[in-house]
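Data first, discussion second: the structure below is written as structure tokens.
The values are calculated or read from the model by the stated rules, or taken from the named source; none is laboratory data. These numbers come from a predicted model, not from an experiment. Glycine gets a Cβ as well: all are built from the backbone with ideal geometry, and neighbour counts include every protein chain shown. The accessibility values were calculated without ligands, DNA or RNA, using every heavy atom of the protein model including side chains. Shrake-Rupley method; radii C 1.70, N 1.55, O 1.52, S 1.80 Å.
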Amino acid sequence: MADAYSKDLERWIPRLIAVWRKARRKGDGPETRLTPQEVKEVGAGVKQLSLGLTRERQLAGAKYMDDPKLLGAYLLFYWPVSYAQARQALGELPNRPRHVLDLGSGPGPLAFAALDAGAQEVTAADRSKPALTLARELATEAGEALATREWDPTRKAPLPEGQFDLITMGHVLNELYGTGDGAIGPRAALLEQVLAQVKKGGSLLVLEPALKETSRALLKVRDVLVGKGYAVRAPCMFRGNCPALIKESDWCHAERSWPMPHVVEELARAAGLHKESLKMSYLMLAPKGEPWPELPQGRLFRIVSEPLEGKGRQRYIGCGPEGRVGLAMQEKHRTEKNERFFKLYRGDVISVTETEPKGDGLALDGRSELKMVAHAGRGIPPPSTENP
Ligand SMILES: C[S@@+](CC[C@H](N)C(=O)[O-])C[C@H]1O[C@@H](n2cnc3c(N)ncnc32)[C@H](O)[C@@H]1O
């Protein structure tokens, strides 16, 4: 999956650097790299953003995009991350979107991801004027047509008019309406309003950080919308309340390998962060009245954990139409028909046969057959299509 967008992402790096240097109005440097002094300067901003948006969260909902130092750090570090996350998630869309609205766009990583994935017209909307200015400058640099609009739902500013094939909201929902359970109702109400502007067959894609707090909040919003009859296109196959919310210690997130650009690697190092894989929580919703996707035959599970290796056995948490269950198999039961079980990734969708209830999960054995239904980051094929 990563290969499909790695060249596109690589092309963005000199554009991001050029637009950042222009906005900063001092210094030239190599096209595709930052100078050591620039790495130090931007790395300090990345560290501040990372603490404020993840660990301490005091920046969530604050106007950090209006601070040139933090906006610059966002552009050179978080922009490529959000772009890659969006390209991964867009790979699961049932059809290619033409008209797209990106809400809480910041400098537009999701907007440009949609354009690179084939969208024709994208509108980026945010409350931060400086972030929208950067998005327009990036569009000029890339020769793309991007419209921008100011928008702030907490000030009752109306949504940009129109009907869209895809509306994206990248890492913005968790910044709206405060913290705690009091934010769930207003966030769900906003998504309902947004979904009313998604065309039939289209989708709303919500990306959120993979933190326990933000991920659980997204799952709670999911439950409100599912309770009102909205269908989830991805990643859930379970149609009831999210089973990850039962235990306070659980949450659900995706993790993918990605072609990390050199500049991101350098800035992560300068800011003292570990950023190897892409982690995110996401939800792709269908507009009102659309059914849940039809699933292929078989007993299906999406792998929602990392591999949990034990003595002589392999284990994962799976989640599928029957809920969230542990899946385990002992090494001694490995056969040609089930050996894939030993190399699954978080996000893969599999079908299994011949399982036995064991503990609070299911055990596969030598009779079990396992098929790959969809690799992580790919859409689940409809029932008529053969497995890849
Ligand atoms: C973490 S950034 C995400 C930017 C981009 N969508 C991404 O995924 O990288 C959050 C964005 O939400 C915007 N935002 C926060 N509160 C907002 C509000 N009340 N109205 C509109 N935008 C808001 C911020 O200005 C910022 O651009």
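When a/c reaches 1.5 or more, the comparison of a/b and b/c decides; with that in mind, is the stretch 249-318 rounded, prolate or oblate per its Cα gyration tensor?
oblate
Keeping the other protein chains in place, figure out the carbon and sulfur percent of the accessible area of the chain, with a 1.4 Å probe.
49
Run the numbers on the chain and let me know its relative contact order in percent, using alpha-carbon pairs under 8 Å that are six or more apart.
Over the chain, the number comes to 14 percent.
Charges at C-beta only: +1 for Lys and Arg, -1 for Asp and Glu. How large is the resulting dipole of the stretch 157-299 about its Cα centre, in Debye rounded to 20?
360
Debye sum, Cα scatterers, the stretch 131-176, no solvent: what log₁₀ I/I(0) at q = 0.30, 0.31, 0.32 1/Å?
-1.19, -1.18, -1.18
For the stretch 188-279, what does the convex hull of the Cα positions come to per residue, in cubic angstrom?
With only Cα atoms used, the stretch 188-279 gives 142 Å³ per residue.
Quick one: which of 365-373, 130-138 comes out on top by average Cβ neighbours within 10 Å, and what's the full order, highest first?
On the way: 365-373: 17.0, 130-138: 21.4.
Descending mean neighbour count gives 130-138, 365-373.
Would you look at the GNM of the chain, springs on alpha carbons closer than 10 Å, and say which of 107, 321, 158 moves the most?
Of the options given, 158 has the highest mean-square fluctuation.
Obtain the radius of gyration and the Kirkwood radius of the stretch 229-279 from its C-alpha atoms and give Rg over Rh.
When Rh is taken as the Kirkwood radius, the ratio is 1.17.
Students often check this: by mean Cβ neighbours within 10 Å, which of 115-121, 180-186 ranks highest, and how do the rest follow? Can you show the working numbers first?
Working: 115-121: 17.6, 180-186: 13.0.
Descending packing order for the listed peptides: 115-121, 180-186.
What list of ³J(HN,Hα) couplings, whole Hz, do you get for the stretch 247-258 from phi and the Karplus terms 6.51, -1.76, 1.60, once you set θ to phi - 60° and write x for glycine and proline?
Residue by residue, the stretch 247-258 yields 9, 3, 8, 8, 7, 9, 8, 9, 9, 9, 6, 8 Hz.
For the chain, what is Rg from Cα atoms divided by 2.2 N^0.38 Å, rounded to two decimals?
1.00
Quick check for you: with a 1.4 Å probe and neighbouring chains kept, what is the accessible area per residue of the chain, in Å²?
46
Of the options 84, 29, 4, report the single residue whose Cα projects farthest towards the positive end of the charge dipole of the stretch 1-114 (beta-carbon charges: Lys, Arg +1; Asp, Glu -1).
Going by the Cα projections, it comes out as 29.
How long is the stretch 1-99 along each principal axis, judged by its Cα atoms, biggest number first, in Å?
The principal-axis extents, from largest down, are 43, 35, 23 Å.
Give the ranking of 309, 331 by solvent-accessible surface, highest area first, calculated with a 1.4 Å probe.
Listed by decreasing accessible area, they come as 309, 331.
Hey, got the dipole for the stretch 299-374? About the Cα centre, +1 on K and R Cβ, -1 on D and E Cβ, debye to the nearest 20?
100
Probe 1.4 Å, all protein chains in place: accessible area of residue 319 in Å², nearest 10?
Approximately 30 Å² for this residue.
Antiparallel DSSP bridges in the chain: what percent, to the nearest 5?
60
Return the tail of the calculated pair distribution for the stretch 299-374, meaning the percent of Cα-Cα pairs more than 17 Å apart.
Summing the P(r) tail past 17 Å for the stretch 299-374 gives 32 percent.
Report, in debye and to the nearest 20, how large the dipole of the chain comes out about its Cα centre when Lys and Arg carry +1 and Asp and Glu carry -1 on their Cβ.
360
At a probe radius of 1.4 Å, what is the per-residue accessible area of residue 223, in Å² to the nearest 10?
Around 30 Å² of this residue is reachable by solvent.
Filter the GluC sites (Glu not before Pro) in the stretch 3-46 down to the DSSP loop ones having no more than 11 other Cβ atoms within 10 Å, then list what survives.
Details: sites: 10, 31, 38, 41; in loops: 31.
Within the stretch 3-46, the qualifying GluC sites (Glu not before Pro) (loop, at most 11 other Cβ atoms within 10 Å) are 31.
Sorting 246, 350 by accessible area (1.4 Å probe), largest first, what list results?
Of 246, 350, the descending order of accessible area is 246, 350.
List the pair-distance distribution P(r) of the stretch 211-251, using every Cα-Cα distance, as the percent of pairs falling in each 10 Å bin from 0 up to the bin containing the longest distance, rounded to whole percents.
With 10 Å bins starting at 0, P(r) equals 30, 58, 12.
Per DSSP H run of n ≥ 4, the term is -39500 (n - 2.57); total these for the chain, divide by its residue number, and report the mean residue ellipticity at 222 nm rounded to 500 deg cm²/dmol.
Rounded to the nearest 500, it is -9500 deg cm²/dmol.
Below 8 Å, C-alpha to C-alpha, sequence gap of six or more: please give me the relative contact order for the stretch 299-374 in percent.
Answer for the stretch 299-374 is 32 percent.
Which whole number of Å³ per residue matches the convex hull of the alpha-carbon atoms in the stretch 44-160?
Roughly 107 Å³ of hull volume per residue.
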